[in-house]
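**Student:** Structure provided below as structure tokens; questions to follow.
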Amino acid sequence: MFRRAPLSVRLTLIALAVSIVSLTSMAPSVSAAPVPADGRCSDMSSAPLIGGSPGATLGGLSDADLDRELTLARNAGMFGVRVDIDWSNIEAVRGRFNWTNTDRVLNAIVSHGMCPLGIIGYTPQWARVAAAVGDSHSRPADPAIYAAFVGTVVQRYLAHMNLWEVWNEPNIVGFFKPQPDVTAYSLMLRAAYQKIKALQPNSTVLSGGLAPATNNGINIDPTTYLQQMYQLGANAYFDDFNLHPYTYPALPNDPSTASWNTAMKLWPMRDVMVAGGDTAKQIWLTEFGAPTGTAPNAVSEQGQSDTVGIIMDAVLGNSWIGPAFVYSTRDSGTNVADSEQNFGLLRRDFLPKLAYGRVRDFTAGHPPPET
């Protein structure tokens, strides 16, 4: 689900152990942030909150591996898990719904004492815009039909969750075919927001997390995208804004990368929000991290750990930055030459990388108050 766009799109960025027992014997586990028994997590705490963002990968796990991965995420102190609610799979045929795997994953997250954050996307073939019928990452042809599905999802999971994200990375063509369109997305966001709030007024609705990008005639720089959303009045339809501040292989605070560094754009984006009257709204980070391995854009385990640590420190030091979700909890494969398979805090065999301990130590040092 969270495939990174090609390196040219991504700012040319070149340019849970073997067993739970063995892992927890290496370091004490950390309790996750306290969550309501029914899984609803909106407006929990102003303390810094760190989650995991495995997305679609959880759906392909066996029950045993799902339990292990979520247990290790909880033991690292993660308060929540960002997961796909994939329209193209759930309603592949209009009016016929298959909730089996989505139910399984969401029930598992809640049973592990964590908050699900649901990303509601992507488009089944029957609902896609005509110019991109061959890809589920096409935008829907009709925002009202998308919003109807959103309403069906929220109604089904009222007792599970009230953290919602409207689409993923709509500013890049990889997730918004045939081409990013701020107006089209804003209409989707408005329709979805109104539907969610009618059913669940106390929910938190996030805009779709924006990806690193440049204004190249195809993709849209996230600051530009946000400015255009405010010009259209679309900020009325998100409770908090959402960004994916990837900077790998550079560190998020590397001053030599200031001209393109997405993490450093957090402050100009905050200025846009303040100027638009949204001082009280936060910027959530629903994906951040860096891949290890041998790919040209990969980093060392220490580099991954430092990347994660720098972003977590920014969350701690700026109250307007909301919860941050590490992409990802666990490697999606074992090919170290493929960066997409190596974003995990855990290797595929559940052994921890350095960044896992970094997250665990951070959450242990900054626990939210008991509720």
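The values are calculated or read from the model by the stated rules, or taken from the named source; none is laboratory data. No experiment lies behind these values; they were computed from the predicted model shown. Note that we place each Cβ from the backbone using ideal geometry, even for glycine, and neighbour counts take in every protein chain shown. Only protein heavy atoms, including side chains, enter the accessible area calculation; ligands, DNA and RNA are left aside. Shrake-Rupley method; radii C 1.70, N 1.55, O 1.52, S 1.80 Å.
**Student:** Sort the following peptides by mean Cβ neighbour count (other Cβ atoms within 10 Å, averaged over residues), highest first: 203-214, 249-260. Display every interim value, and only then the final one.
**Tutor:** Values: 203-214: 25.4, 249-260: 15.2.
Ranked from most to least packed, the peptides come out as 203-214, 249-260.
**Student:** Would you mind putting 290-297, 73-80 in packing order, based on average other-beta-carbon counts within 10 Å, highest first? Before the final figure, lay out the partial values.
**Tutor:** Values: 290-297: 20.1, 73-80: 26.4.
Ranking, from highest mean packing down: 73-80, 290-297.
**Student:** According to the square roots a ≥ b ≥ c of the eigenvalues of the Cα gyration tensor, what is the shape class of the range 195-297, taking rounded for a/c under 1.5, prolate for a/b larger than b/c otherwise, and oblate for the remainder?
**Tutor:** Working: a/c = 2.13, a/b = 1.67, b/c = 1.28.
Verdict is prolate for the range 195-297.
**Student:** Cβ neighbours within 10 Å, averaged per peptide: list 335-346, 49-60 in order, most packed at the top.
**Tutor:** Values: 335-346: 20.9, 49-60: 23.7.
Put in order of decreasing packing, that is 49-60, 335-346.
**Student:** For the range 223-267, would you read off the P(r) tail past 15 Å as a percentage of all alpha carbon pairs?
**Tutor:** For the range 223-267, the fraction of Cα-Cα distances above 15 Å is 49 percent.
**Student:** With the other protein chains left in place, how much accessible area per residue, in square angstrom, belongs to the range 316-371 at a 1.4 angstrom probe?
**Tutor:** 41
**Student:** How compact and how long is the chain, expressed as Rg and Dmax of its alpha-carbon atoms in Å?
**Tutor:** 19.0, 55
**Student:** Here's another thing I want to ask about it. With all distinct Cα pairs included, what does the Kirkwood hydrodynamic radius of the range 79-221 come out to in Å, to one decimal, could you say? Kindly include the intermediate steps, with their values, before the conclusion.
**Tutor:** Details: mean 1/r = 0.0652 Å⁻¹.
For the range 79-221, the Kirkwood estimate is 15.3 Å.
**Student:** Counting only heavy atoms of protein chains, what accessible area per residue, in Å², does the range 204-309 have with a probe of 1.4 Å? The partial results should precede the final answer.
**Tutor:** Working: 3480 Å² over 106 residues.
Spelled out: the 1.4 Å probe surface of the range 204-309, per residue, equals 33 Å².
**Student:** Enumerate the residues in the range 109-133 having an amide nitrogen under 20 Å from the point lying 7 Å beyond the Cα of PHE97 toward its Cβ.
**Tutor:** 109-110, 116-128
**Student:** Turning to a different aspect of this structure: Using r as the Cβ-Cβ distance of SER256 and LEU316, and R0 as 22 Å, what FRET efficiency do you calculate, to the nearest 0.05? Present the calculation step by step, with values, prior to reporting the outcome.
**Tutor:** Numbers: r = 24 Å, r/R0 = 1.11.
Here the calculated transfer efficiency is 0.35.
**Student:** Run the accessible area of the chain with a 1.4 Å probe and give the carbon-and-sulfur part as a rounded percent. If you can, show how the numbers build up before the last one.
**Tutor:** Values: 7170 of 13570 Å².
Carbon plus sulfur share of accessible area: 53 percent.
**Student:** Please list the three semi-axes, largest first and in whole Å, of the ellipsoid equivalent to the range 257-371, using sqrt of 5 times the eigenvalues of its alpha carbon gyration tensor. Before the final figure, lay out each step's value.
**Tutor:** Values: eigenvalues 156, 68, 24 Å².
Output for the range 257-371: semi-axes of 28, 18, 11 Å.
**Student:** Can you list the lysines whose alpha carbon is less than 26 Å from that of LYS265, not counting same-chain residues fewer than 8 positions off?
**Tutor:** Output for LYS265: LYS177, LYS281.
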